[in-house]
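The values are calculated or read from the model by the stated rules, or taken from the named source; none is laboratory data. Everything numeric here is computed off the predicted structure, so don't read it as measured data. Every residue, glycine among them, receives a Cβ derived from its backbone with ideal geometry; neighbour counts consider all protein chains shown. All accessible areas refer to the heavy atoms of the entire protein, side chains included, with ligands and DNA or RNA removed. Shrake-Rupley method; radii C 1.70, N 1.55, O 1.52, S 1.80 Å.
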Amino acid sequence: MKLPTVTLPKYSIHVPSSGEKVFYRPFVVKEEKVLLIALESGEYPMIARSIKDIVNECTYGQLNVDEMPIFDLCYLFINIRAKSVGETVEPNLVCEKCGHQNPTEINLTDIQVIGDIEKNKKISLGENMGMLLRYPALSTEKQDEGSDVSIRSVADCIEMIYEGDKIFKSSEIDKDEIVKFIENLTHHQFESILDFFSTMPRLTHNVHYRCGKCKHENTLALEGLGDFFL
């Protein structure tokens with residue numbers, strides 16, 4: 001006799017960057033096991049892949065997790081985790097005054113994407129020339145080695161380069177050619193590109209806590225999955 005299928009609860013959520021409504025479910029034991037193995041390995045590619053797989057499976061394949069902005073992916077993962085394991089986590093936060101570690105409860109549902117999601121993605125490089133950027137996806141981080149890691153990461157995030165009426169789509173250009181283009185930019189031009197990434201929306205939560213040892217009042221801004229529980 002075939003065992004019955006467990007019916008999982010279904011929730012809805014809006015993707016921060018697009019406002020698109022998607023449905024999701026909690027992750028199940030086999031998916032949690034894969035995630036825990038990845039976390040124990042400490043290997044970034046394995047952790048990133050398991051997070052993307054969980055978001056893909058738990059949102060019923062509605063989204064392109066390989067290309068979606070990293071803050072969207074992290075936001076969805078945190079909410080899936082909240083419905084799967086529990087809405088609170090208790091990281092040890094260090095007192096800035098005495099260094100004492102303080103277990104501090106954080107409600108995952110309070111964590112939001114902060115920043116101007118509608119910011120201009122077009123970067124001017126001078127008269128009649130510029131580029132259109134896209135927010136980095138999880139796969140664009142920590143995949144390159146060496147001194148050119150930031151340049152190659154930027155290359156991953158270029159949607160197109162334009163000069164007057166001419167448009168050069170990155171999907172039609174070899175990545176090494178794009179890297180060479182970036183390397184020939186001036187310092188000022190490259191800084192304007194980096195400014196786009198430094199001011200892009202982020203998964204952020206401000207935590208206020210009193211040190212249990214010296215009673216100092218601390219304020220800490222947590223950003224990204226690593227600060228919350230990874």
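The residue of the stretch 175-204 that is surrounded by the fewest Cβ atoms within 10 Å (Cβ to Cβ), among those that are closer than 20 Å to Gly126 by Cβ and among the β-branched types (Val, Ile, Thr), is Thr186.
All of Ile151, Ile161 fail the test of being surrounded by 12 or more Cβ atoms within 10 Å (Cβ to Cβ) and part of a helix (DSSP H, G or I), apart from Ile151. Here Thr109, Thr88, Thr104 are screened, and the one residue that is hydroxyl-bearing (Ser, Thr, Tyr) and open to solvent by less than 50 Å² (accessible area, probe 1.4 Å) is Thr104.
Each residue in the stretch 99-117 was checked for being assigned to a strand (DSSP E or B) and of a type in the set (Gly, Ala, Ser), and 0 of them qualify.
Residues that are open to solvent by 30 Å² or more (accessible area, probe 1.4 Å), of a type in the set (S, T, N, Q) and within 17 Å of Pro69 (Cβ to Cβ) were ranked within the stretch 114-148; the one that is modelled with the highest pLDDT is Asn120.
When the stretch 35-45 is filtered for residues that are surrounded by fewer than 19 Cβ atoms within 10 Å (Cβ to Cβ), over 25 Å from Phe197 (Cα atoms) and either in contact (Cβ under 8 Å) with a residue 40 or more places away in the chain or in contact with a Phe, Trp or Tyr (Cβ under 9 Å, 6 or more places away or on another chain) (or both), only Leu39 remains. Could you say whether any residue in the stretch 46-57 is of a type in the set (Val, Ile, Thr), buried (at least 16 other Cβ atoms within 10 Å of the Cβ) and farther than 14 Å from Leu138 by Cα? Within the stretch 46-57, not a single residue is of a type in the set (Val, Ile, Thr), buried (at least 16 other Cβ atoms within 10 Å of the Cβ) and farther than 14 Å from Leu138 by Cα.
Of all residues in the stretch 164-174, those satisfying the criterion of being farther than 16 Å from Gly126 by Cβ and either surrounded by 15 or more Cβ atoms within 10 Å (Cβ to Cβ) or touching a His at 6+ places or on another chain (Cβ under 7 Å) (or both) are Ser170, Ile173. Restrict the check to the stretch 21-28 and report whether at least one residue is of a type in the set (A, V, I, L, M), without any contact (Cβ under 8 Å) to a residue 60 or more places away in the chain and under 30 Å from Glu159 (Cα atoms). Looking through the stretch 21-28, at least one residue is of a type in the set (A, V, I, L, M), without any contact (Cβ under 8 Å) to a residue 60 or more places away in the chain and under 30 Å from Glu159 (Cα atoms). Might you check whether a residue that is outside any loop (DSSP other than H, G, I, E, B), at pLDDT 95 or above and open to solvent by 50 Å² or more (accessible area, probe 1.4 Å) occurs anywhere in the stretch 63-79? So far as the stretch 63-79 goes, no, none of its residues is outside any loop (DSSP other than H, G, I, E, B), at pLDDT 95 or above and open to solvent by 50 Å² or more (accessible area, probe 1.4 Å). Can you name the residue in the stretch 205-230 that is over 15 Å from Thr88 (Cα atoms) and aliphatic (A, V, I, L, M) and, of all such residues, is surrounded by the most Cβ atoms within 10 Å (Cβ to Cβ)? Per the criteria, the residue is Leu220. Being within 26 Å of the chain's Cα centre (by Cα) and free of Cβ contacts under 8 Å to residues at least 12 places away in the same chain is the filter; apply it to the stretch 174-189 and report the residue that is farthest from Glu67 (Cα to Cα). Among them, the one singled out is Asp176.
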